[in-house]
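Report on the structure given below.
The values are calculated or read from the model by the stated rules, or taken from the named source; none is laboratory data. Quantities reported herein were computed from a predicted structural model and do not represent experimental measurements. Note: ideal-geometry Cβ built from the backbone for every residue, glycine included; neighbour counts use all protein chains shown. Ligands, DNA and RNA are excluded from the accessible area calculation, which covers all protein heavy atoms including side chains. Shrake-Rupley method; radii C 1.70, N 1.55, O 1.52, S 1.80 Å.
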Amino acid sequence: MIDMSTLKLNYLLALTMLLPTWAMASADSTTVCPEVRIEVEQLPDLNIPRAGHQTFCVNGELTVAGGHTDGFVPTPTAEYYKDGEWHSLQMTYPHDFGFSVVLSSGQVMLGGGCDQPIGIGQTYLTETYDPQTHSFNGYCSLQRKRAGVSALEIDSGKVVVAGNWYFTDGIELFHDKSGTQADYNGKRLFTYIKDVSVEHSKPYIFRIANDNAIIFGGNDVKGDTIWSAIADCLKGDTVRIPLFEDWRPIASDNFRSSENAIGDERKGVYSYLFGVENRQGQVAIAKADNGVFSLLPTACPVPMQSHGEEIWYTSSIIADKKAGRAYLFGLSRNFPTAPEKPWRWYILSIDYTKQPADLTLYYTDPLPDFHINAPVLTDDGNLLIAGGLYHGSNFTPSKRVLLLCVGQEPIVAESSSTSLKYIVLLLLLALVIIAIILYLFIYIRKRHNRQIDKLPDDVQEQDSVVAISDEASAQLMKRIYEVMETQKLYQNSDLKVTDLAVAMGTNRRFVSDCINSQKGCTFSQFVNIYRVEHAKRVMRRNPDKKIADIYIESGFANEGSFFRTFKAVTGMTPKEWLSKA
C-alpha cells in the first residue's frame, strides 16, 4: 500500500528540484546592489586630534603616527591602542602627508611629508617604527624631498618610492647593501632610479614581477585630476594601459598599495583590486594581474546613489584576503559643503572569490561630528577610522576613532533588488519550507502519542504542539543556572545553545525558549552577561591583570567583542567600571 505522506513529500521535493533551472533561465540579468546597515562603534578618542597621519595595524596593535594637529601644525607623535586606551609615543619626525610601509620584517618604514605648517614644503626624512619596543629610529634620507608620496616593498626588503606634492616627481628605490638589518653606517640608502613620464601625487604602486613594479594613477603634483593611459615601471620602458583610455583610477590622499593586494606573492601571483571611474562619473572595480589591467566582472553595477543622496567614493580598496572580500570606501557626495547636516559612511563590499563578484553596499546611520580619513583593516576584519578631517578642515582635525563593523553578521539587511531571479529564489525557498512543514505535520500526527525522551514531566503534547508549563519552565531555568555556574560553560568562546542542551540532557529548543521567556533575552545575550560578570570578578580581584588574559578567561573570542559587550551590559568601558568599582 502506498504511503500518501511519503508520496506528497516526494512530489513537492521533485517540484522544487525543477525550479532552479527555470529560475536561472527566467531571471533578469540586471540586479541592483543589496544594501546592509552596519553598526558603528566609537572607541576611545586619540590623545590629540590629527590628520595627514598614517594608520596601520601591526603586531596586533592599531597605531597612528605623525600628521598634523590643531592649527595645521605637524606633530612628531604617535599613539598605539592597547587595553582599551591610546598610549602616546615620541617620533623622530612628523611625516605630515608622508608615507608608511609595513615591512615583511614586522617593522614599519615612514618617510617624507611636509616640512612646515599648513601643508607647505617637503622633506627627505625617513625612520622606522619597531612595534615590539614601541620605538622610532631615524633611518636614512630620500634622494628627493617628498610629500604626497607612495611606497611599496618588493623583493628582498627593497622599497619602491614615487610621487610628490608641489615638487618634481621621480622613482627611487631603497635597499640595504650590507644585507644586515643591524648596520646603520650609511649602508642603508635610497637610490634615485629615473624620472617619470607623468608626475603624480599619491600614485598607485603595484608589483608586476618579483623585482619590478608599475606606477600610475593618483592626481598630479598640484592635486589636480589627470587622465593618462601611460604608466611608468621600476624596470623597463613606460607602458600604455588601454583600460585607462576610458577609466581613471580613483585618487586617494592616504593609502598603501599593499592593502589592494589579493594575490599570492609567494607564488608570483601579483593581483590587485582598485576603484576606477569614467568621464560620466560612474565607478567600477578594476583588477591588475601581473601588469594586465581589466574591469572586474560584477553581479551588479557599483551603486552611485543611496538614501536619496549621491555617493562619493574617496579611497583606494582595502582587501581582506582571509575573508575573500575587499572594501571600497565612500561617503555622502556633498560632504563637506553642508556642515550642519549629518552624513553617513558607505562601504562597498566586493566578494571577489565569486564569478562575477558579488557586491553589497554597507551603510551607517547619519553620524554627528562627521570626520573623514582613510580606513585601516583590523585583525578581526572590521574597518577603523582614527582621526582625520572634521568637516573637511585641516585646521581643526578630529581625534574621534570609529569602528565600522563589517566583519560580523549584519544587524539589519534590506535588499533593494527587484530582479525576477531573487523573487523566484524566494518562491523556491517558500516551497521547500512548505514541503518540510507538511512532512513534519503528517509525521507528528501519526505519532502524537509517542513519549519524548528527556523532557520535563510537565511537558504536554496536544495536537502536535509542545507546550511547557510555567512551573516546568522555572525549574528548567533553575537547572540552566546550575549547569552554567558549576560547569562554567560560558568560558567556552564557541559555546552554542546545543552544547548547553547536551550538558543538561534536554532539547536545545526548550533551553532557548526557556531563556527567552524567563529572562527576556537571547541565549547569546544570556551567556554574555555571565562572561561580563566573570570579567568583573576577575578585575575586582586582580585590577592589574592584563585585558587579554581577562577576556580570554571570561570566554570572549577577541578584545573587540569583549569591549563592545562589556559596554553594552554595564554602560561603561572596563577601565571606567574599574575606576568606580
If you take the C-alpha gyration tensor of the stretch 77-155, multiply each eigenvalue by 5 and take the square root, what semi-axes do you get, largest first, in whole Å?
22, 16, 10
Measure off 7 Å from each Cα along the Cα-to-Cβ vector at Ser294 and Asn558, then give the distance between these two points in nanometres to one decimal.
3.3 nm
Quick one: grab Rg to one decimal and Dmax as a whole number for the stretch 309-387, Cα atoms only, in Å.
13.3, 42
Beyond a 31 Å Cα-Cα separation, which of these cross-linked pairs lie in this structure: Lys519/Lys580; Lys202/Lys399; Lys145/Lys267; Lys341/Lys536; Lys145/Lys322; Lys145/Lys235?
Lys145/Lys267; Lys341/Lys536; Lys145/Lys322
Can you pull the Rg over Rh of the stretch 192-268, Cα-only, Kirkwood?
0.95
Assuming 0.692 mPa s and 37 °C, estimate D for the stretch 269-411 with Stokes-Einstein, Rh taken as the Kirkwood radius over Cα pairs, in µm²/s.
206 µm²/s
Evaluate E = 1/(1 + (r/R0)^6) for Gln525 and Asp246, where r is the Cβ-Cβ distance and R0 equals 45 Å; express this FRET efficiency to the nearest 0.05.
0.30
Using a 1.4 angstrom probe on heavy atoms only, work out the carbon and sulfur share of the accessible area of the stretch 241-344 in %.
48 percent
For Asp211 paired with Glu39, estimate the spin-label separation in nm (one decimal), with each label point 7 Å from Cα along the Cα-to-Cβ line.
5.1 nm
Cα-Cα pairs in the stretch 120-252 separated by more than 20 Å, as a whole percent of all pairs, come to 47 percent
Expressed in nm to one decimal, what extension gain is obtained for the pair Leu103 and His307 from 0.36 nm per residue of sequence separation less their Cα-Cα distance?
69.4 nm
Would you mind working out the accessible area per residue for the stretch 500-581, using a 1.4 Å probe, and quoting it in Å²?
52 Å²
Against the 2.2 N^0.38 Å scaling, with N counting residues, where does the stretch 481-581 land? I'd like the Cα-based Rg ratio to two decimal places.
1.11
Asp499 versus Asn542: modelled label distance in nm, points set 7 Å from Cα along the beta carbon direction:
2.1 nm
When Lys and Arg each count +1 and Asp and Glu each count -1, what net charge do the other residues less than 13 Å away from Tyr270, Cβ to Cβ, add up to?
-2
